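The values are calculated or read from the model by the stated rules, or taken from the named source; none is laboratory data. Predicted, not measured: the structure shown is a model, and the values here were computed from it. Cβ: placed from backbone, ideal geometry, glycine included. Neighbour counts: every protein chain shown. Keep in mind that these areas ignore ligands, DNA and RNA; they rest on the heavy atoms of the full protein, side chains included. Shrake-Rupley method; radii C 1.70, N 1.55, O 1.52, S 1.80 Å.
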Amino acid sequence: MNATPIPDAPFHGIPPALAGAREVAAPRHYAVAQDTTTDRENSAMIINCVAYEKGHRLQDIKPDEIDGYLGQPDRFVWVALHEPDEQEMARFQAVFGLHELAVEDALNGHQRPKFEEYGESLFVIMHMVTMRDDQLETGQVAVFAGPGYVLSVRLHPGRGFTEVRQRCEHEPKLLRHGPAFVIYALMDTIVDRYFPVVEALQAELESIEDQIFIRGSARRSLERLYQLKRQTMRLKHAAMPLGEAASHLFGGRVPALCRKTREYFRDVYDHLNRIESAVDTIREMTITAIQVNLSMVAIDEGEVHKRLAAWAAIFAVATILAGIWGMNFAHMPELDWRLGYPLALLVMGSACGMLYWRFHRAGWL
């Protein structure tokens, strides 16, 4: 009843050249601009604001300078925000022309992973899922992308996107694809971070299975199984809708911004399918383990009932005999026998002993 393990091989469904573009995705909000900061710097609203030309980093710029880089061929601006307030978001909404509904979704958080088009601009919401101290932590990453810009916003503390930006900058030939490649790099990183979570859930399931048949562990095992089932569903709710969103970026009518990167999004979609399959397996095995655990509880209760029934039968025989000889009839000849009392005890003891032997032989005692 062991869950199907995920292959040990690295999950690099993208071309080898793309391996450098992988990185870590952060929780909530727009997640396209990656932060090159430490945990201490993550408290800032604006993590990065960088201009790129033909895949090469030009320089860090101030938000007020963004207008000077928009609309220029082969250039785009990559901005990363962490837990911005409404005022800060309104500022970038005006600069990039973001749709107010998308901005509202990014700020409110707790949105379902999804993909939306607003004219030439794209809006993607992804959920970051990580395991910390045996507990799942989730966050939201929202990404705005359009001609000449990428804006990422993440909510809740968590791992940022420093490595993503660095890897992208080390692959200028890929970064030349512009905002679409940044979306891919962030999405691919978030999906890759699901795999350690899946492995942790599988390890937890195997640990619980080893304890199921240990006497006295039923209640604890049941609690752990329900906790595992909840964690599995949280991961599924993050991965499954994201797979639906990714499918719009490589199949059917692909947005113009992503037409040159559809192969990369297909790779992300393949990874998500593997994760969904593994999650479904864990969920099915968890349900089976719960049923087995409940069966073990029922078996233990049955054993207790059999013991109680056996002892009740033994004492019932002694009670019946004592009750018969305890009746106050005038003519009970055995009451006048000199050996009546010892014989009565011998009969009761023999009857009880015989019943005990039979129940013990049957495995009831």
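If only the Cβ of Lys and Arg carry +1 and only the Cβ of Asp and Glu carry -1, the dipole of region 274-365 around its Cα centre is close to 280 debye.
Surface composition of region 59-199: carbon and sulfur atoms hold 43% of the protein heavy-atom accessible area at a 1.4 Å probe. Relative to the globular-protein estimate of 2.2 N^0.38 Å, the Cα radius of gyration of region 44-113 stands at 1.19. Taking a sphere under 12 Å around the Cβ of ALA310 and counting the other residues whose Cβ falls inside, with K and R at +1 and D and E at -1, yields a net charge of +3.
Over region 280-365, all Cα pairs binned in 5 Å intervals from 0 give whole-percent P(r) values of 3, 12, 14, 13, 10, 9, 8, 7, 5, 5, 4, 3, 2, 2, 1, 0, listed from short to long.
The Cβ shell under 14 Å around TYR149 holds other residues with a net charge of -3, Lys and Arg each +1, Asp and Glu each -1.
Per-residue ellipticity at 222 nm from helix content only, as computed over the chain with -39500 (n - 2.57) for each DSSP H run of at least four residues, stands at -17000 deg cm²/dmol.
Size of the chain: Rg and Dmax of its alpha carbons, in Å, are 34.0, 122. As a length-normalised measure over Cα pairs under 8 Å and 6 or more apart, the relative contact order of the chain settles at 21 percent.
Debye-formula intensities of region 141-263, expressed as log10 I(q)/I(0) at q = 0.14, 0.21 Å⁻¹, are -0.74, -1.24 (one equal scatterer per alpha-carbon, no solvent). The coefficient of translational diffusion for region 221-365, derived via Stokes-Einstein from the alpha carbon Kirkwood radius under 20 °C and 1.002 mPa s, stands at 97 µm²/s. The Cα-based radius of gyration of region 98-149, divided by its Kirkwood radius, gives an Rg/Rh of 1.08.
How much area per residue is accessible in the chain when the probe is 1.4 Å and only protein heavy atoms are counted (Å²)?
That works out to 51 Å² per residue.
One quarter of the convex hull surface built on the alpha carbon atoms of region 261-326 amounts to 4.7 nm², the projected area averaged over directions. Here r is the Cβ-Cβ distance between ARG176 and ARG112 and R0 is 22 Å; the resulting FRET efficiency, rounded to 0.05, is 0.10. Of the cross-linked pairs LYS62/LYS173; LYS114/LYS260; LYS54/LYS260; LYS173/LYS260, those separated by over 18 Å at the C-alpha level are LYS62/LYS173; LYS114/LYS260. A full extension of the chain between TRP357 and ARG338 corresponds to an added length of 3.8 nm, given 0.36 nm per residue minus the alpha carbon distance.
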